[in-house]
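Below is one structure, written out as structure tokens; comments come after it.
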Amino acid sequence: MTFRSSYPDGHYQDCIFTADKKRLDLEYLYHLLCVPSRYSTGLPPERFALVIENSFCFSVFYQGKQMGYARVITDCSEFASLWDVFIDEPHRGKGVGQALLKYIFNHPQLRGIFRWFLMTEDAHGLYQKFDFKTEIYNPYIMMKVNAS
């Protein structure tokens, strides 16, 4: 799928969206997901391959270079959890993130998911456009276990 996005300067740039894991730029993703930064707590390198293998992975390419990514963990029926949504800084605020989410939610294996989950520190306005809510009306509490 090719999505034409209108950039503020009036020019149109081609972004290619794909769920083909063979097209992933693994070096880009390794640095994005594994190297400690604002966006990563430092995923151990030995677990990187499992993250990719066990997730639906979505990429955005611009002029042949990967510049966006997101992944989904799901049972393909009842729930899906959106993780690692990322658009490179120079491309943010131009509709690329919104187009990536539309691409994900329209993926044939993800249509009709009963409940979507997301945890994020930023881009709340983007996710609210897709009906994610910051108010939790559910009495359940998210809990976690950190493996040692």
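The values are calculated or read from the model by the stated rules, or taken from the named source; none is laboratory data. Keep in mind that what you see is a predicted model, and the values were worked out from it rather than measured. A quick note on method: Cβ atoms are made from the backbone with ideal geometry, for glycine too, and the neighbour counts reach across all protein chains shown.
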Listed by first then second residue, the pairs whose first member lies in region 43-64 and is within 16 Å of Leu101 (Cβ to Cβ), whose partner is in a helix (DSSP H, G or I), with beta carbons under 7 Å and at least 6 positions apart or on separate chains, are Cys57/Lys21; Phe58/Leu100; Phe58/Tyr103; Phe58/Ile104; Ser59/Arg23; Val60/Val96; Val60/Leu100
Residues in region 60-83 that are closer than 26 Å to Phe114 by Cβ and either in contact with a Ser or Thr (Cβ under 8 Å, 6 or more places away or on another chain) or not in a strand (DSSP E or B) (or both) total 12
- Task: Would you be able to say whether some residue in region 84-94 is in a strand (DSSP E or B), out of contact with any Gly (no Cβ under 8 Å at 6 or more places or on another chain) and not aliphatic (A, V, I, L, M)?
- Result: yes
- Message: Condition check: assigned to a loop (DSSP other than H, G, I, E, B), out of contact with any strand residue (DSSP E or B) (no Cβ under 8 Å at 6 or more places or on another chain) and either aromatic (Phe, Trp, Tyr) or at pLDDT below 90 (or both). Does Glu121 satisfy that?
- Response: yes
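Which one of these is more than 18 Å from Leu33 (Cα to Cα), loosely packed, with under 13 Cβ neighbours inside 10 Å and polar (S, T, N, Q): Gln98, Gln63? Can you show your working first?
Numbers: Gln98 fails: loosely packed, with under 13 Cβ neighbours inside 10 Å.
Only one candidate passes the filter, namely Gln63.
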Scanning region 1-16 for residues that are over 14 Å from Gly64 (Cβ atoms) and either at pLDDT 50 or above or surrounded by fewer than 12 Cβ atoms within 10 Å (Cβ to Cβ) (or both) gives Met1, Arg4, Ser6, Pro8, Asp9, Gly10, His11, Tyr12
ask   = Can you find a residue in region 74-81 that is touching a strand residue (DSSP E or B) at 6+ places or on another chain (Cβ under 9 Å), modelled with pLDDT under 90 and loosely packed, with under 12 Cβ neighbours inside 10 Å?
value = no
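Take the residues in region 24-39 that are touching a strand residue (DSSP E or B) at 6+ places or on another chain (Cβ under 9 Å) and either modelled with pLDDT of 85 or more or loosely packed, with under 15 Cβ neighbours inside 10 Å (or both); name whichever of them is nearest to Met119 (Cα to Cα).
Our first condition is that a residue be touching a strand residue (DSSP E or B) at 6+ places or on another chain (Cβ under 9 Å); within region 24-39, this holds for 24-25, 28-29, 31-34, 39.
So of that shortlist, the ones also either modelled with pLDDT of 85 or more or loosely packed, with under 15 Cβ neighbours inside 10 Å (or both) come out as 24-25, 28-29, 31, 39.
Values: Leu24: 23, Asp25: 24, Tyr28: 22, Leu29: 19, His31: 21, Tyr39: 13 Å.
That would be Tyr39.
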